[in-house]
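First up is the structure itself, then whatever we jot down about it.
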Amino acid sequence: MHLIALSGARRSLLSTTAILPPWLAAAILCGMPLMIAPAHAQDAPTSLPTIVVDAPLPQNTRQSAGEGGTAPADTATISNEQAFARSLGTSDSASLISDIPGGAVWGAGGVSSLPAINGMGADRIQVAINSMLISPACPNEMNPPLSFVNPTMIAKMRAYLGIAPVSAGGDYIGAKIDVTTAPPQFAAGPDWITSATVSGYFRSNGNAYGVDATATAANRDTSITYTGGWVRAGDYKAADGTRVKSTLYETQNHALSIAKKTFGNLFTVQVGGQFIPYQGYVNQYMDMVYNRGAFINGRYDGRFDWGRLEATAYVHQIRHTMGFIAPDKTGAMPMDTKGIDGGYALKATIAASAHDAIRVGNELVYNKLDDWWDPVPGSMMMGPNTFININDGHRGRIGTFAEWERHWDRQWSTVVGLRNDVVWMNTGPVQGYNAMSYGADAAAFNGRNRARTDANLDGSALVRFEPNQTSLFELGFARKTRSPNLYERYSWSTSAMAMRMTGWFGDGNGYVGNLDLKPEKAHTVSFTATWHDPEQKFWNVRVTPYYSYVQDYIDVDRCASAGCLTAMPTNLTATNRFVFLRFANHNAALYGVNVEGKLALWSSSDYGRADLRGTLGYVHGERTDGVGLYHLMPINAKIALDHALGNWSSSLELQLVGAKTQVSEVHNELTTPAYALVNFRTGYQWQAVRVDFGIDNLFNQSYLLPLGGADLVNYRTTSMMGGTTPVWGYGVAGPGRSFNGRLTMKF
Ligand SMILES: [Cu+2]
């Protein structure tokens with residue numbers, strides 16, 4: 001059962017259960033309170049999720065102005081139940097994004113994909129994990145925010161797709177994704193209640209196995225929740241049986257929350273961490289050989305006569321090492337990164353009148369980064385000194401916003417806001433492995449003033465019209481700004497080897513930063529129309545066309561410096577080989593449409609309930625000079641049939657992806673052919689035991705991942721130097737058929 005909330009920002013999971021089949025509502029309310037964490041808990045500390053069942057509120061009051069505010073109609077929510085269902089086939093949390101209209105993922109390591117929405121990916125999507133913003137701590141962005149959560153840890157994932165209000169955040173131009181893990185849950189009475197869920201799973205392709213666990217102890221005002229999991233996987237196989245090299249991984253993530261509730265105040269402290277001992281990368285020259293994260297995160301949520309005050313503060317630390325995972329990649333070349341993020345956010349929602357809410361907020365986000373590569377013993381090229389990629393890099397941001405939400409009458413409402421983000425960054429002097437090969441670049445970089453400050457101004461305006469119980473229309477406009485990340489501005493070496501170590505594009509190209517980069521400014525207009533039956537039970541359709549003009553889009557040019565041209569004399573013109581690129585601003589435009597719908601086919605006590613659902617996404621993007629944008633998902637659709645009867649639920653899904661023909665010429669991006677996949681899953685729940693079984697890629701179709709980048713490991717040729725080098729022109733094959741099973745026990 002997939003539930004994409006159409007406009008249900010304030011609709012709790014428990015009110016959602018009121019429209020679910022009784023068996024499922026019963027399962028949520030009685031059988032699996034931990035697996036199905038209350039999506040509402042974070043918003044409404046006073047709710048008692050295990051007993052309160054609200055009926056769906058009348059549409060015009062569902063989102064009351066004084067509470068958390070109206071989510072734009074173009075918002076998608078992935079529930080814990082949905083994440084749990086998807087986790088049967090994947091341990092990659094970012095891949096859940098591909099379930100929402102317009103969503104896709106850039107292929108990377110097995111648990112480190114980068115999310116993309118409406119053609120904007122990687123840093124253009126801001127991901128907050130329990131309010132924490134986690135900056136890249138690797139020149140390949142191997143440790144993106146969603147890699148710090150396992151799919152089953154996700155209590156709720158909300159994506160603001162196009163024109164999010166300014167209160168959702170700053171310093172991104174695409175979408176904002178808010179992930180909640182281990183939200184507090186309180187008992188109805190004064191007595192302590194405890195519950196726990198443990199689940200083990202297996203996937204035949206790649207021989208992946210792992211375990212997920214959650215546990216809660218709670219009474220009326222105190223809640224302690226743990227959630228976490230561990231998984232190990234070998235290399236997966238493509239449909240033809242070929243092992244796709246360097247796709248193995250092992251990871252564990254943990255989070256522990258302690259929450260206390262008193263008279264409308266909710267205090268939560270969360271600690272947790274991650275450990276990845278290895279993760280292979282088929283589309284990078286390096287692999288991850290160590291990644292450790294640790295965090296502490298405090299939150300306060302208070303209700304007052306005047307409104308609501310939310311405050312968060314956090315520190316998140318990452319230690320990361322790259323190397324080679326034998327036998328697919330061999331040699332020695334340690335690359336180390338140390339990053340720390342810290343910040344706070346304050347948000348006050350003032351109920352100014354029965355019709356008006358004013359939101360004001362302020363946040364600080366601070367990132368510190370060191371990136372260094374120790375000398376390789378015995379190597380002339382990579383010694384005798386340590387290569388300093390980023391030396392004492394730091395990037396700070398202070399954001400301030402004010403937003404006014406008004407419900408004019410039963411039909412019309414508006415949200416308008418302005419925000420300012422001041423971003424400042426700098427980095428210390430650098431050096432290469434030796435002066436002979438790296439000295440000129442280092443001297444040029446060190447000789448320049450590297451401090452940069454950007455004053456970014458964002459705004460958004462949404463107008464919503466709900467003429468009746470069956471339709472809703474929303475028009476939104478937003479200006480959003482993103483300042484470059486530290487690698488985009490400060491990667492400095494134009495030696496071939498160093499450039500190939502930088503870049504999160506998975507395309508085999510080498511990248512060098514640009515001190516003169518300006519922030520990218522997106523001006524987006526988006527229109528959402530939704531229609532549904534009055535009870536929102538039987539059918540719905542949502543259509544969202546959008547258009548974005550991005551001034552100073554951070555793209556790339558072919559690198560024309562002496563270093564680049566020495567490394568590759570044909571760098572400026574080559575169309576069929578890996579090239580060297582320098583980050584550069586270009587104006588660009590993206591447009592597309594997302595369609596989503598659902599239809600109840602039948603509902604009876606004998607045959608259960610069946611729903612048909614579907615999504616369609618199309619995006620086009622190019623620079624004003626005609627060059628295509630990189631990694632745009634080709635037209636794609638999903639059609640699924642969900643069936644539930646008693647304790648038994650099943651889903652059959654057809655995924656259709658068109659040929660990728662629009663590519664970025666400057667990247668020498670590869671095209672990919674069209675394909676269709678069928679996935680199946682079914683699950684049965686007894687009292688305390690649940691069994692899930694699924695087959696992904698049922699017909700074992702061969703296909704290439706449209707955003708998988710270049711396969712740098714399976715196709716190699718012997719080089720003049722004696723080693724092997726990757727051959728240009730091969731995409732990354734998607735996984736062949738996999739039989740997946742999961743057994744879940746509740747205590
Ligand atoms: Cu890395």
For the chain, the charge dipole (Cβ of Lys, Arg +1; Cβ of Asp, Glu -1; about the Cα centre) points to a positive end, and the Cα of 444, 163, 720 closest to that extreme belongs to 720
Probe 1.4 Å, all protein chains in place: accessible area of residue 582 in Å², nearest 10?
-> 70
How much of the accessible area of the stretch 144-273, probe 1.4 Å, is carbon plus sulfur, in whole percent?
-> 62
What relative contact order, as a whole-number percentage, does the chain give when Cα pairs under 8 Å and 6 or more residues apart are counted?
-> 11
Given charges at Cβ of Lys, Arg, Asp, Glu: the chain dipole, positive-most of 641, 554, 670 | 641
Cα centroid separation, the stretch 420-450 to the stretch 649-721 (Å) | 40
With Cα atoms, 0 to 90° folded angle of helix 435-446 axis to the chain main axis = 50
Per-residue SASA entry for residue 482, accessible area with 1.4 Å probe, Å² rounded to 10 = 10
Report the relative contact order of the stretch 474-514, percent, no decimals, based on alpha-carbon pairs under 8 angstrom and at least 6 residues apart.
-> 38
Once Lys and Arg get +1 and Asp and Glu get -1 on their Cβ, which of 732, 96, 323 lies farthest toward the positive end of the dipole of the chain?
-> 323
Relative contact order computed over the stretch 507-653 (Cα-Cα under 8 Å; 6+ residues apart), in percent | 21
Compute the length gained on full extension between residue 468 and residue 300: take 0.36 nm times their separation in residues and subtract their Cα-Cα distance, giving the result in nm to one decimal.
-> 56.8 nm
Residue-level accessible surface for residue 424, protein heavy atoms, 1.4 Å, Å² | 80
Residue-normalised 222 nm signal for the chain, counting each DSSP H run of n ≥ 4 as -39,500 (n - 2.57), nearest 500 deg cm²/dmol, is -1500 deg cm²/dmol
Heavy-atom SASA rank of 301, 516 (probe 1.4 Å, accessible area, largest first) = 516, 301
In what order, largest first, do 78, 398 sit by accessible area if the probe radius is 1.4 Å?
-> 398, 78
In the stretch 407-507 the accessible area split gives carbon plus sulfur, as whole percent at 1.4 Å, a share of 63
Could you state the number of Å between the C-alpha centres of the stretch 473-529 and the stretch 565-633?
-> 16
Residue 648 to residue 411: extension gain in nm, 0.36 nm per residue of separation minus the Cα-Cα distance?
-> 81.3 nm
Using alpha carbons only: equivalent-ellipsoid semi-axes of the stretch 371-520, gyration tensor based, whole Å = 48, 17, 10
On average over all directions, what projected area in square nanometres does the stretch 307-347 have, based on the convex hull of its Cα atoms?
-> 4.3
At a Förster radius of 51 Å, what calculated FRET efficiency corresponds to the Cβ-Cβ distance of residue 265 and residue 570, to the nearest 0.05?
-> 0.20
For the chain, compute Rh as the Kirkwood radius over C-alpha pairs and then the Stokes-Einstein diffusion coefficient at 20 °C and 1.002 mPa s; write the answer in µm²/s, rounded to an integer.
-> 82
Mean projected area (nm²) from the convex hull of Cα positions in the stretch 559-716 is 13.9
Given a Förster distance of 41 angstrom, what is the FRET efficiency for residue 720 paired with residue 515, based on the Cβ-Cβ distance and rounded to 0.05?
-> 0.75
Regression test value, accessible area per residue of the chain, probe 1.4 Å, units Å², expected 35
Going by accessible area, probe 1.4 Å, with all protein chains left in place, what is the ranking of 372, 602, 106, largest first?
-> 602, 372, 106
Across 368/660; 329/480; 338/638; 176/537; 245/746, pairs whose alpha-carbon gap is larger than 31 Å = 368/660; 329/480; 338/638; 245/746
Between the stretch 68-111 and the stretch 194-244, the Cα center-to-center distance that results, in Å = 17
Simple spin-label estimate for residue 381/residue 418, 7 Å along Cα→Cβ, in nm, reads 5.4
List, in order, the whole-Hz ³J(HN,Hα) value for each residue of the stretch 108-124 obtained from phi through the Karplus relation with A = 6.51, B = -1.76, C = 1.60 and θ = phi - 60°; use x for Gly and Pro.
-> 8, x, x, 10, 10, 4, 9, x, 9, 9, 6, x, 10, x, 6, 5, 6
Roughly speaking, to the nearest percent, how much of the stretch 624-747's 1.4 Å accessible area is carbon and sulfur?
-> 66
Run the dipole for the chain about the Cα centre, Lys and Arg Cβ at +1, Asp and Glu Cβ at -1, nothing else charged, and hand back the magnitude in debye, nearest 20.
-> 440
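The values are calculated or read from the model by the stated rules, or taken from the named source; none is laboratory data. All values reported here derive from a predicted model rather than from experimental measurement. Counting neighbours? That spans all protein chains shown, and the Cβs are built from the backbone with ideal geometry, glycine included. These area figures cover heavy atoms from the full protein model, side chains too; ligands, DNA and RNA do not enter into them. Shrake-Rupley method; radii C 1.70, N 1.55, O 1.52, S 1.80 Å.
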